[in-house]
Amino acid sequence: MNIKIFSRILGLMAVILLNIALLPTFCNAKKLSEGDKNGEILTPAPNLNPRINGPLVYGCRPGHPFLYRIPCQGKRPIAFKIKGLPSELKLDPVTGIISGTVPGKGVYEILINARNSEGKDTRKLKIVAGEQLALTPPMGWNHWYAHYDRITDKMMREAADVMISSGMADVGYQYVNIDDCWMNAEKNSDPLRVGPLRDDKGNVIPNKHFPDMKGLTTYIHTKGLKAGIYTSPGPRTCGGFAGAWQHEDQDANQFANWGFDFLKYDWCSYGELAGENVSLAGFQKPYQQMGKILKSQDRDIVFNLCQYGMGDVWKWGGEVDAHCWRTGGDLGFELDRIFDVALKNAQIGQYNKPGEWNDPDYIQIGWIGNANKMGIPELTPMPANMQYAYMSLWSLLAAPLIYSGDMSKLDAFTLNILCNPEVIAVNQDPLGKCAEVIHRDSVSFIMVKPLSDGSTAVGLFNRGKTTADVSVVWSELKISGDHHVRDLWREKDLGFSVDKFSTAVPPEGVVMIRISK
Ligand code: GLA
């Protein structure tokens with residue numbers, strides 16, 4: 001073989017080998033780009049040193065089981081320590097999970113310390129042992145808009161795994177909630193979801209996709225996360241599965257015994273029992289009943305009303321011992337109306353307060369199934385800018401932050417929207433105020449939320465299809481003089497201003513800032 005041909009063969013072999021070596025990289029790149037094609041990532045990657053996130057106040061009821069995983073970003077292993085932890089509680093220094101029994105009524109101020117090879121962080125947390133739960137809006141995941149009637153025990157466990165591995169739990173996501181379709185139905189296209197609704201003692205029977213409810217909550221709790229479940233006050237859920245009607249006590253006891261920490265109670269077929277022209281008392285009746293039952297359980301169960309805003313639920317949700325209530329229909333059908341839905345919620349913002357939250361429904365970004373056909377998850381067609389606006393709106397409204405997309409397909413762009421700790425801190429602020437709309441014209445609007453440290457979160461929104469210049473003037477905020485402005489999405493200081501802040505806001509998007517003295 002002459003030298004020329006030999007070196008050609010060598011060259012060709014090198015190219016083939018290089019391609020084989022690069023193949024996985026190309027595959028990964030393709031996989032990532034499917035999600036990342038959404039848009040520019042603004043949230044800076046978390047630093048390696050610890051950053052403790054999560055609420056500054058946490059409500060719980062004396063004598064009940066206590067479970068709290070310290071949300072903390074940074075390179076693991078992280079060593080956790082706590083000063084002032086009541087003796088009834090213990091800390092796992094490796095996982096940062098605090099567990100035990102809620103101590104007697106009172107406020108316990110603890111100081112959390114997190115240290116790793118790169119540095120340390122400290123943060124105060126007030127544990128408020130009393131009557132109230134959900135002192136800040138609940139954060140978590142719900143299966144509905146990703147998996148509908150395809151949900152299984154395995155998928156729930158995987159979602160809990162991903163809540164930890166993706167870093168979502170490190171910024172405060174906590175509840176892993178099953179929605180409809182975990183029970184049996186009389187008729188369903190999936191034979192594994194068909195069977196007797198109750199046993200001979202009247203206990204509700206989970207379908208074959210949920211063989212071990214206690215095992216499932218234990219799995220979720222072991223990770224320091226909490227578990228949620230769903231039913232209806234009617235005989236059937238909206239999906240046609242067994243509801244709690246005439247078994248309310250028994251089912252609530254069952255949920256508590258299984259170890260659930262959250263109940264979504266969905267009106268559905270109760271409408272047939274309530275009839276037409278329902279009175280206010282009629283709307284309240286099933287929720288009042290379940291509110292009392294849940295309160296009498298010996299574990300903390302957050303009570304989430306789902307009755308689509310009927311009877312102005314925001315005016316009385318707190319009175320029936322609920323912690324959050326849906327203010328409208330299913331947002332899955334209205335994803336093109338995010339701005340309108342948010343503006344409508346801002347109008348009833350005065351009903352928001354610690355322990356009582358208006359709920360405009362879930363965050364549906366990333367891979368979600370079309371609500372009209374209960375579809376298989378696909379990448380959301382929502383423009384990237386609007387996704388930033390969506391998360392900003394829910395944070396400013398102090399709405400529950402419950403993600404409802406496919407956890408197994410979370411991509412870097414979606415996580416950047418879900419996991420910005422400075423944006424989340426606005427949502428979790430202990431004052432619990434809903435933002436007010438201080439300016440609105442045909443294209444833009446401005447939302448303002450006062451925060452507990454005296455600073456103000458401001459969302460400058462543009463609904464138009466082209467970039468718009470939007471300004472917020474200090475006098476509109478009832479402040480004056482030099483104020484510091486920080487871009488929350490970019491986590492970047494923008495300097496000081498004496499009278500106003502003006503910015504170009506991207507089409508269908510937002511600029512979200514925090515203004516402080
Ligand atoms: C209703 C609720 C949804 C979901 C489905 C389940 O439509 O509003 O959030 O729980 O029922 O069937």
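Just give me the residues in the stretch 250-288 being of a type in the set (S, T, N, Q), under 22 Å from Gly239 (Cβ atoms) and away from the ligand (no atom under 16 Å from the Cβ), in sequence order.
Step one: of the stretch 250-288, the residues of a type in the set (S, T, N, Q) are 250, 253-254, 257, 269, 277, 279, 284, 288.
Narrowing the set further to residues that are under 22 Å from Gly239 (Cβ atoms) leaves 250, 254, 269.
Result: Gln250, Gln254.
Before we move on, is Thr222 free of Cβ contacts under 8 Å to residues at least 24 places away in the same chain, surrounded by fewer than 15 Cβ atoms within 10 Å (Cβ to Cβ) and more than 14 Å from the ligand (Cβ to nearest atom)? Outline the logic, then answer.
Values: free of Cβ contacts under 8 Å to residues at least 24 places away in the same chain: yes; surrounded by fewer than 15 Cβ atoms within 10 Å (Cβ to Cβ): yes; more than 14 Å from the ligand (Cβ to nearest atom): yes.
The answer is yes for Thr222.
Across the stretch 178-218, which residue is nearest to Gly228 (Cα to Cα) among those that are surrounded by fewer than 14 Cβ atoms within 10 Å (Cβ to Cβ) and out of contact with any helix residue (DSSP H, G or I) (no Cβ under 9 Å at 6 or more places or on another chain)?
Thr218
Does Ser480 fit the bill of being in contact with a helix residue (DSSP H, G or I) (Cβ under 8 Å, 6 or more places away or on another chain) and under 15 Å from Asp499 (Cβ atoms)? Spell out the reasoning first.
Values: in contact with a helix residue (DSSP H, G or I) (Cβ under 8 Å, 6 or more places away or on another chain): yes; under 15 Å from Asp499 (Cβ atoms): yes.
Yes: the conditions hold for Ser480.
Take Asp411 and decide whether it is out of contact with any Cys (no Cβ under 6 Å at 6 or more places or on another chain) and among the charged types (D, E, K, R). Before the answer, list the steps.
Values: out of contact with any Cys (no Cβ under 6 Å at 6 or more places or on another chain): yes; among the charged types (D, E, K, R): yes.
Considered against the rule, which asks whether it is out of contact with any Cys (no Cβ under 6 Å at 6 or more places or on another chain) and among the charged types (D, E, K, R), Asp411 comes out as yes.
Please give the strands (runs of 3 or more DSSP E) falling wholly within the stretch 436-517 in which 1 or more residues are open to solvent by less than 10 Å² (accessible area, probe 1.4 Å). Working first, answer last.
Working: elements: 436-440, 444-450, 456-462, 468-473, 483-487, 492-497, 500-505, 509-516.
Counting at least 1 such residues, we get 444-450, 456-462, 468-473, 483-487, 500-505, 509-516.
For the stretch 341-369, how many residues are open to solvent by 50 Å² or more (accessible area, probe 1.4 Å) and farther than 24 Å from Tyr173 by Cα?
Here is the first cut: in the stretch 341-369, the ones open to solvent by 50 Å² or more (accessible area, probe 1.4 Å) are 344, 347, 350-351, 353.
Among the residues that remain, those that are also farther than 24 Å from Tyr173 by Cα are: 344, 347, 350.
Of the residues in that region, 3 qualify.
For the stretch 167-191, what are the residues that are touching a Cys at 6+ places or on another chain (Cβ under 9 Å) and within 11 Å of the ligand (Cβ to nearest atom)?
Correct list: Asp180 only.
Can you find a residue that is in contact with a Gly (Cβ under 7 Å, 6 or more places away or on another chain) and part of a helix (DSSP H, G or I) anywhere in the stretch 333-341? Lay out the reasoning, then the answer.
Restricting attention to the stretch 333-341, the residues satisfying the condition of being in contact with a Gly (Cβ under 7 Å, 6 or more places away or on another chain) are 341.
Then drop every residue that is not part of a helix (DSSP H, G or I), which leaves 341.
Scanning the stretch 333-341 turns up at least one residue that is in contact with a Gly (Cβ under 7 Å, 6 or more places away or on another chain) and part of a helix (DSSP H, G or I).
Residues checked against (1) over 24 Å from Lys465 (Cβ atoms); (2) within 16 Å of the ligand (Cβ to nearest atom):
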{"site": "Lys344", "(1), (2)": "no, no"}
{"site": "Gly355", "(1), (2)": "yes, no"}
{"site": "Ile365", "(1), (2)": "no, no"}
{"site": "Gly369", "(1), (2)": "yes, yes"}
{"site": "Lys373", "(1), (2)": "yes, yes"}
{"site": "Thr380", "(1), (2)": "no, no"}
{"site": "Ala389", "(1), (2)": "no, no"}
{"site": "Ser392", "(1), (2)": "no, no"}
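The conditions are (1) in contact (Cβ under 8 Å) with a residue 12 or more places away in the chain; (2) under 21 Å from the mean Cα position of the chain (by Cα), and Ser165 fails exactly one of them. Which is it?
So the condition that Ser165 fails would be (1).
Could you list, in sequence order, the residues of the stretch 301-313 that are buried (at least 22 other Cβ atoms within 10 Å of the Cβ) and more than 16 Å from the ligand (Cβ to nearest atom)?
Ile301
Say whether the condition of being within 11 Å of the ligand (Cβ to nearest atom), among the hydrophobic types (A, V, I, L, M, F, W, C), buried (at least 24 other Cβ atoms within 10 Å of the Cβ) and within 20 Å of Cys306 (Cβ to Cβ) is met by at least one residue in the stretch 147-166.
No, that holds for no residue.
In this structure, does Arg76 turn out to be out of contact with any His (no Cβ under 8 Å at 6 or more places or on another chain), surrounded by fewer than 22 Cβ atoms within 10 Å (Cβ to Cβ) and closer than 16 Å to Gly224 by Cβ? Quick ask: steps written out before the conclusion?
Numbers: out of contact with any His (no Cβ under 8 Å at 6 or more places or on another chain): yes; surrounded by fewer than 22 Cβ atoms within 10 Å (Cβ to Cβ): yes; closer than 16 Å to Gly224 by Cβ: yes.
Against the criterion (out of contact with any His (no Cβ under 8 Å at 6 or more places or on another chain), surrounded by fewer than 22 Cβ atoms within 10 Å (Cβ to Cβ) and closer than 16 Å to Gly224 by Cβ), Arg76 qualifies.
Residue under question is Asp121, and the condition is that it be within 16 Å of the ligand (Cβ to nearest atom) and either under 30 Å from Glu378 (Cβ atoms) or open to solvent by 40 Å² or more (accessible area, probe 1.4 Å) (or both); does it hold?
Working: within 16 Å of the ligand (Cβ to nearest atom): no; either under 30 Å from Glu378 (Cβ atoms) or open to solvent by 40 Å² or more (accessible area, probe 1.4 Å) (or both): yes.
It is false that Asp121 is within 16 Å of the ligand (Cβ to nearest atom) and either under 30 Å from Glu378 (Cβ atoms) or open to solvent by 40 Å² or more (accessible area, probe 1.4 Å) (or both).
So Asp330 ticks every box in (1) within 15 Å of the ligand (Cβ to nearest atom); (2) surrounded by 18 or more Cβ atoms within 10 Å (Cβ to Cβ); (3) under 19 Å from the mean Cα position of the chain (by Cα) but one. Which box is left unticked?
Answer for Asp330: the failing condition is (2).
Results for (1) closer than 29 Å to Ala159 by Cβ; (2) small (Gly, Ala, Ser), shown as yes or no for each residue.
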| site | (1), (2) |
| --- | --- |
| Lys90 | yes, no |
| Ile97 | yes, no |
| Val102 | yes, no |
| Arg115 | no, no |
| Gly119 | no, yes |
| Met139 | yes, no |
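Being among the hydroxyl-bearing types (Ser, Thr, Tyr), within 25 Å of Asp411 (Cβ to Cβ) and not in a strand (DSSP E or B) is the filter here; which residues of the stretch 142-194 pass it? Walk me through how you get there before you give the answer.
The initial filter retains those residues of the stretch 142-194 that are among the hydroxyl-bearing types (Ser, Thr, Tyr), namely 145, 148, 152, 165-166, 173, 175, 189.
Add one more test, that the residue is within 25 Å of Asp411 (Cβ to Cβ), and what stays is 145, 148, 152, 165-166, 173, 175.
If the condition is that a residue be among the hydroxyl-bearing types (Ser, Thr, Tyr), within 25 Å of Asp411 (Cβ to Cβ) and not in a strand (DSSP E or B), then Tyr145, Tyr148, Thr152, Ser165, Ser166, Tyr173 are the ones that fit.
Out of curiosity, is Trp325 out of contact with any strand residue (DSSP E or B) (no Cβ under 8 Å at 6 or more places or on another chain), farther than 18 Å from Met447 by Cβ, surrounded by 17 or more Cβ atoms within 10 Å (Cβ to Cβ) and modelled with pLDDT of 95 or more? Talk me through it step by step, then tell me what you get.
On the way: out of contact with any strand residue (DSSP E or B) (no Cβ under 8 Å at 6 or more places or on another chain): no; farther than 18 Å from Met447 by Cβ: yes; surrounded by 17 or more Cβ atoms within 10 Å (Cβ to Cβ): yes; modelled with pLDDT of 95 or more: yes.
Criteria not met by Trp325.
The values are calculated or read from the model by the stated rules, or taken from the named source; none is laboratory data. Because the structure is a prediction, the values reported are computed rather than measured. Glycine gets a Cβ as well: all are built from the backbone with ideal geometry, and neighbour counts include every protein chain shown. The area values use the complete protein model at the heavy-atom level, side chains included, leaving out ligands, DNA and RNA. Shrake-Rupley method; radii C 1.70, N 1.55, O 1.52, S 1.80 Å.
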